[in-house]
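> Dropping a structure here in structure tokens format, bear with me for questions.
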């Protein structure tokens, strides 16, 4: 327990001790006077005196508790709450214009992202990264929900996709410094960010990967995130059946690549969330579990001490009046 004003506590307790000393002296003198007058301990006068004494001690106890109350007592209690940084990494590649998730993949993802933003507590800072070939930071992490929402709503499909660059751009937003791979693809140390989460909305179509292969940049970027304690939750926007989409005058077939998205989330301790229709996307806000941090917060106790002090003072007054017919 801590006190906002220990001086007030010390003064109040000294007053209570002084009152207790006075009460003891007065009680001894009264007992001596009653003994000299020949009043028996079990007589009416003795019982009245004991009632007065009980009332006095309740009053002194009330003063002591009140001294504790005015000193501003508070207890530190552990409180769990969602806290940290979330980066919404939004795929804005041409394939996100596909309409297998109505109205199209990107618009559906944007609606889900806005719902996610609105569902987060104020202790969570949210940033937005739009990625195509090369991550493009759209909004730094902030507690301002309007800023993050506006960044999401102005996104439009364009270009190709590099999941590795998306992860690197998201890590840069988290750490507020440029994060990149070292020479020969080595993984740099960027510190430890256990309260940070990247939520990646994508159809998994990765132009950074060789045909039928894996994007080595995405693998290395996921390794950086894993080493830094950053979880990546991936949201697969699209259907396995796929559809065609017009990109720069060409009709291209595009389908959801769940395997790529699952491998990224699993490598970092995150989770994969399929979203092949609007209803699944609408549930994203509740399905993504942010990690909880436990902090100690002060719990004011003055009210409880004041209530106890008042109860003791009232009890003291009642005992005194009941036994003696007088307040003092």
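Values in this text are rule-based calculations from the coordinates and carry no lab data. Being a predicted model, the structure only gives us computed values, none of them experimental. Here the Cβ positions follow ideal geometry from the backbone for every residue, glycine too, while neighbour counts run over all protein chains shown.
> To the nearest 10 degrees, how steeply does helix 6-37 sit against the main Cα axis of the chain, on a 0 to 90 scale?
Orientation of helix 6-37: about 20 degrees from the principal axis.
> Continuing with the same structure: Among 301, 200, 163, which one moves the most in a GNM of the chain with springs linking Cα atoms closer than 10 Å?
Most flexible of the set in this elastic network: 301.
> Okay, moving on. Taking a ≥ b ≥ c as the square roots of the Cα gyration tensor eigenvalues, with a/c under 1.5 meaning rounded and otherwise prolate when a/b beats b/c, else oblate, which class fits segment 80-295? Can you show the working numbers first?
Details: a/c = 1.66, a/b = 1.20, b/c = 1.39.
Oblate.
> In addition: Place the peptides 224-235, 170-181, 95-106 in order of packing, highest mean first, counting for every residue the other Cβ atoms within 10 Å and averaging per peptide.
On the way: 224-235: 23.2, 170-181: 18.7, 95-106: 21.6.
Most protected by this proxy first, the peptides run 224-235, 95-106, 170-181.
> Now a separate question. Tell me whether segment 53-103 comes out rounded, prolate or oblate; compute the Cα gyration tensor, take square roots of the eigenvalues as a ≥ b ≥ c, and use a/c under 1.5 as the rounded threshold. It would help to have the intermediate numbers written out before the result.
Numbers: a/c = 9.13, a/b = 5.56, b/c = 1.64.
Prolate.
> If R₀ is 41 angstrom, what is the calculated FRET efficiency for the pair residue 216 and residue 297, using the beta carbon separation as r and rounding to 0.05?
Calculated transfer efficiency: 0.35.
> Related question: Sort out for me the Cα centre separation of segment 136-171 from segment 224-249, rounded to whole Å.
For segment 136-171 versus segment 224-249, the Cα centre distance is 14 Å.
> Continuing with the same structure: When the helices in the chain are scored as -39500 (n - 2.57) per DSSP H run of 4 or longer and the sum is shared across all residues, what 222 nm value do you end up with, to the nearest 500 deg cm²/dmol?
Numbers: 10 runs with 150 residues, N = 328.
-15000 deg cm²/dmol, from helical runs alone.
> Residue 4 versus residue 30, label points 7 Å from Cα toward the beta carbon: distance in nm?
Going from the residue 4 label point to the residue 30 one covers 3.7 nm.
> How far is it, in nm, from the label point at residue 177 to the one at residue 277 when both lie 7 Å from their Cα along the line to the Cβ?
Between residue 177 and residue 277, the simple spin-label model gives 4.8 nm.
> Another question, if that's okay. Among bridges DSSP assigns within segment 50-185, what percent are antiparallel (round to 5)? It would help to have the intermediate numbers written out before the result.
Details: 6 of 14 bridges.
Of all bridge pairs located within segment 50-185, approximately 45 percent are antiparallel.
> Want the number for residue 318 to residue 187: 0.36 nm per residue separation, take away the alpha-carbon distance, what's left?
Values: separation 131, 0.36 × 131 = 47.16 nm, distance 7.57 nm.
Answer, rounded to one decimal: 39.6 nm.
> Assuming R0 = 25 Å, can you tell me the calculated FRET efficiency for the pair residue 311 and residue 20, based on Cβ-Cβ distance, to the nearest 0.05?
Working: r = 19 Å, r/R0 = 0.75.
Result of the calculation: an efficiency of 0.85.
> With springs connecting C-alpha atoms under 10 Å apart, model the chain as a Gaussian network and identify which of 203, 91, 257 has the largest mean-square fluctuation.
Among 203, 91, 257, the largest GNM mean-square fluctuation belongs to 257.
> Which residues in segment 146-185 place their backbone N less than 20 Å from a point set 7 Å from the Cα of residue 259 along the Cα-to-Cβ direction?
Once the point is set 7 Å along Cα→Cβ of residue 259, 161-164 turn out to lie under 20 Å by backbone N, inside segment 146-185.
> Which residue, 62, 35, 94, tops the fluctuation ranking in a GNM of the chain built on C-alpha contacts under 10 Å?
In this elastic network of the chain, the residue with the biggest mean-square fluctuation among 62, 35, 94 is 35.
> Give me the percent of DSSP beta bridges within segment 80-295 that run antiparallel, rounded to the nearest 5.
Working: 14 of 38 bridges.
Restricted to segment 80-295, the bridges split so that about 35 percent are antiparallel.
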